[in-house]
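Structure first, then comments.
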Amino acid sequence: MLLLPKSPFQSVSYMNKPVKMDQTDRKILSYLIHDARKPYLEIARECGISGAAIHQRIRKLENNGVIEGSKFKVKPKRVGYEICAFVGIYLDQAHMYKQAVQEFQEIPEIVECHYTTGEYAILLKIYCKSNEHLMDILVNTIQNIRGVARTETFISLEQTINRDIDIG
């Protein structure tokens, strides 16, 4: 599910500047990135600090916006979503961005939405069950959103790299 800020231009102070972290914070993050279900006490033992210290450090990382919850990754193809597509959105006018994003949030097939530089104002990542499903979403939903001038769609044939950022 796509998680966007309530306002597309939401201003949060930690979003603009890196948070200072020591090697222990980085080590904790590395463990959590690889297995978010890893018990805190096991991480504490591997970091050489107490369980309470792990809880405090993770809470600090959450409060500083470094960590945003935890979730399971669902493999779309395993639940019937065979098509992964990227859709470049051209807007009639730049000020239509906020309104378009609000409407994109209502389309469950859209899993990512990026405000971009370059040719497109917006780049969407979409999962669909079939080519027909993708065409229906494009023609009957996305292209009917006020402000969308036109779209350009790229179907992903294979995802060859899928990893989290290395905070090393």
List every residue pair whose Cβ atoms sit under 9 Å apart, with the two residues 6 or more apart in sequence or on different chains, where the first one lies in region 103-121 and is assigned by TED's automatic domain parsing to the domain that holds Val139 and the second, anywhere, is acidic (Asp, Glu).
Glu119/Glu152; Tyr120/Glu152
Can you find even one residue in region 49-60 that is under 30 Å from Ile126 (Cα atoms), modelled with pLDDT of 80 or more and polar (S, T, N, Q)?
no
Out of the residues in region 65-86 that are among the aliphatic types (A, V, I, L, M) and either in contact with a Ser or Thr (Cβ under 9 Å, 6 or more places away or on another chain) or closer than 17 Å to Gln159 by Cα (or both), which is surrounded by the most Cβ atoms within 10 Å (Cβ to Cβ)?
Ile83
When region 118-138 is checked residue by residue, the ones that are at pLDDT 95 or above, loosely packed, with under 14 Cβ neighbours inside 10 Å and of a type outside the set (Asp, Glu) are Ser130, Asn131, Met135
Looking only at region 93-110, filter to residues that are in contact with a strand residue (DSSP E or B) (Cβ under 7 Å, 6 or more places away or on another chain) and not in a helix (DSSP H, G or I); which one of those is surrounded by the fewest Cβ atoms within 10 Å (Cβ to Cβ)?
Glu109
Determine which member of the set Tyr81, Tyr90 is in contact with a Lys or Arg (Cβ under 9 Å, 6 or more places away or on another chain), in a loop (DSSP other than H, G, I, E, B), aromatic (Phe, Trp, Tyr) and farther than 30 Å from Ala44 by Cα.
Tyr81
Considering only region 139-165, how many residues are among the polar types (S, T, N, Q), free of Cβ contacts under 8 Å to residues at least 60 places away in the same chain and surrounded by fewer than 12 Cβ atoms within 10 Å (Cβ to Cβ)?
4
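The values are calculated or read from the model by the stated rules, or taken from the named source; none is laboratory data. Just so it is clear, the model here is predicted, and its values are computed rather than measured. Note: ideal-geometry Cβ built from the backbone for every residue, glycine included; neighbour counts use all protein chains shown.
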